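Let me begin by presenting the structure, written as structure tokens, before commenting on it.
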Amino acid sequence: MKKLLNISSETYGRVAVVLVTVLFSITAGCGRSKPSHFYTLREVLPEATAVADAKNGAIGEEIVLGVGPVSVPGYMDRTKIVKRINTAEVGLSEYYRWAEPTLDKIEYILQENLAKLCVLAEVRKYTFRTSSSLTHYVRVDITEFIAETDDNVVLNARYTIFPIDEKEKPVRKTVSLKKGVKSGDYNDIVFAMSSLLGELSVDIGESVKLLK
């Protein structure tokens, strides 16, 4: 009986060691999560447009343009990048995120793009304090800006160019833009989004050129 008890204790000891090893492996595995990737929008302009504008010389040099306010859909006002899953559903990317607030970045990109497209006296963020030094300001409302299920990124927006002089009429326009994405890779998606902001900037710049 004593021998059987000794064998039983030894067996229990081995089982305990195995269980501890398994539990440690599971705990260690749970502790290793998938790394997050962070992305940022940037200034991307159609090369041909930029070159053409440079050759045409100064455009709108008597206009001082304020950019803002700018609005984006609620689903963009978050750190996780959003993709459309179907007509009514969107998905949040757990490991693919924006490195900075998208609204601030979009407003900055529009400012920089317009400064390159139109040789203006100055392009600045529109605020109540700066309004007295402007001739016009452009309000941009982005109503949709997302990667769709058909390998396209879409940007739908409305913009209005308001004159500081109330005698002039505002210029209003709706823009719908689309750009194909070669793959579902987030680098391609973010680049396509940056390119669409460039195309939106070009459209606004063309409207600015027509101002008197």
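The values are calculated or read from the model by the stated rules, or taken from the named source; none is laboratory data. From a predicted model like this one, the values you see are computed outputs, not experimental measurements. Please note: Cβ atoms are built from the backbone with ideal geometry, for glycine as well, and neighbour counts cover all protein chains shown.
Miscellaneous remarks
- Here LEU114, LEU155, LEU197, LEU177 are screened, and the one residue that is modelled with pLDDT of 95 or more, in a helix (DSSP H, G or I) and either among the hydrophobic types (A, V, I, L, M, F, W, C) or out of contact with any Phe, Trp or Tyr (no Cβ under 9 Å at 6 or more places or on another chain) (or both) is LEU197.
- Positions within segment 149-194 being among the hydroxyl-bearing types (Ser, Thr, Tyr) and within 22 Å of VAL67 (Cβ to Cβ), in sequence order: TYR159, THR160, THR174, SER176, SER194
- GLU43 vs. criteria modelled with pLDDT of 85 or more, in the same structural domain as MET193 (by TED's automatic domain parsing) and not basic (Lys, Arg): yes
- Residues considered: VAL90, VAL67. Of these, the only one that is in contact with a strand residue (DSSP E or B) (Cβ under 8 Å, 6 or more places away or on another chain) and modelled with pLDDT of 95 or more is VAL67.
- Candidates VAL154, VAL123, VAL175, VAL140, filtered to the one that is under 21 Å from PRO73 (Cα atoms) and either surrounded by 21 or more Cβ atoms within 10 Å (Cβ to Cβ) or outside the structural domain of GLY68 (by TED's automatic domain parsing) (or both): VAL140
- Looking only at segment 153-195, residues that are among the hydrophobic types (A, V, I, L, M, F, W, C) and farther than 26 Å from LEU134 by Cβ come to 9 in all.
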